[in-house]
Each structure stands twice: as structure tokens, then as C-alpha cells.
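The values are calculated or read from the model by the stated rules, or taken from the named source; none is laboratory data. Just so it is clear, the model here is predicted, and its values are computed rather than measured. Cβ: placed from backbone, ideal geometry, glycine included. Neighbour counts: every protein chain shown.
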Ligand code: SF4
């Protein structure tokens, strides 16, 4: 049953960050569903099926949003399809109204010229629109992924969208992920086997060398480290 709260969402988020820090990822997803009901959705990049699987066990049939920028690797689309078929989740793909050829006819190859604007157009704004009906959303951010994510709270306030942001995997180490993948035989994007440890759009992602930061292959050669969705 959805909890009806008179507490402002921002306050609720800060309380939950303290109370849920040591809870399991499944319990955090369950809390979000019990608190926000149909106003809560999970988002997944489909680099692997960990968050989708955790969410499916916590709340069978839960809504999982996948943002299709049009620039994804074919392997990512295939991983999405496999996850949607294998796990008890309701995958909704968010597509951009402009297909890539139309986008490039209008803007050129924006990822080369102005990747921040490209991410804004192809990622941030479509996700903002898709999240409009929701009060809370979850993503797969982990503290161990990069220094810029080291302080990621399990629950926080997303001031830009004025929503509660939930990071059920925030405290998971790389070993935690590996153990979970092995234990449940989780579907993983095949690109991970050839060095793509963090997977975004094809033009902006390269594999990383052993020992390199997992996200070093994202926008390599530029100072850009985030697409803007999580800022
Ligand atoms: S990651 Fe690259 S291709 Fe994808 S939206 Fe951002 S700049 Fe564009």
C-alpha cells in the first residue's frame, strides 16, 4: 500500500538516506515502491541486468525505463531485449522523437562538436519528460564506479527534477556485483567481456585497459565524465 505522506519529498529523501544506508538493495526498492507506488520507476542502462533483477525480486512486474538515445551499441539493445524477456519487469523504452539521421541532418554529429548538448538533447531532456509522471526514480549508480560517484547516497533529493532519487546499489563494490552476477547467472552486456566496463553510446565509449578506471572509456580524451542525467 502506498504511504500517504504530508512530509515534503525533500525531507523524506534525507530521512530515508539515513534510515536505509545499511539496507539491502531489494529492501530499498521495496521501500520506494511502498512509499511511492505507481509514482516510482526504475531506470536501467542495460550494461547488465543486476538492478533489473534486484527490482524484479523486490517488486515483481515493476516498471523499468530504458532510455534509447539512438546511438546505443546493438549489444545493448540485445541485452535490453534479453532482460525484458527473462525477468519479471515491465520494460518501457523511451525513444527520442527525432531519429538519429534526422537529428544529424539538423545538428550534425553533435557528439563530436558539443557532447554536452548532444547528451542534453538525446538523454537528459527525454528522460526528464519520461520521469514527469513520477515522484521517485531509481538508477544503478554505485560509489565504487568512479571518484565522482564516491559520495552517492542510497536515497537523495533530485533538486533539478524535484523528485526523490534512489540508488539501491550505491554501496555495492565491484566484487558485490560480480558475486551477484555469478549467484543468479545475471544477463550481462557482452561488450563487458571485451573491456567495455562502462557502456554508453557507441560514439562516446571505448574499452578500458586493465587497471584503468571503469568509466575512463566514456568520452575518453575530454574532460566530460557524466552525461548530465545524474548531476
Ligand atoms: S553519450 Fe555521446 S552520443 Fe550519447 S547522447 Fe551523449 S554525446 Fe550524444
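Here residue 133 meets each of (1) more than 16 Å from the ligand (Cβ to nearest atom); (2) at pLDDT 95 or above; (3) closer than 25 Å to residue 24 by Cβ with one exception, condition (3). The single condition among (1) under 30 Å from residue 18 (Cα atoms); (2) within 15 Å of the ligand (Cβ to nearest atom); (3) surrounded by 18 or more Cβ atoms within 10 Å (Cβ to Cβ) that residue 128 does not satisfy is (3). Scanning region 105-118 for residues that are surrounded by 12 or more Cβ atoms within 10 Å (Cβ to Cβ) and assigned to a helix (DSSP H, G or I) turns up 107, 110, 111, 115, 116, 117, 118. Within the bounds of region 165-182, is there any residue that is closer than 30 Å to residue 10 by Cα and within 16 Å of the ligand (Cβ to nearest atom)? There is no residue in region 165-182 that is closer than 30 Å to residue 10 by Cα and within 16 Å of the ligand (Cβ to nearest atom). Looking across region 183-213, the residues that are within 16 Å of the ligand (Cβ to nearest atom) and not in a loop (DSSP other than H, G, I, E, B) come down to 191, 201, 202, 203, 204, 205.
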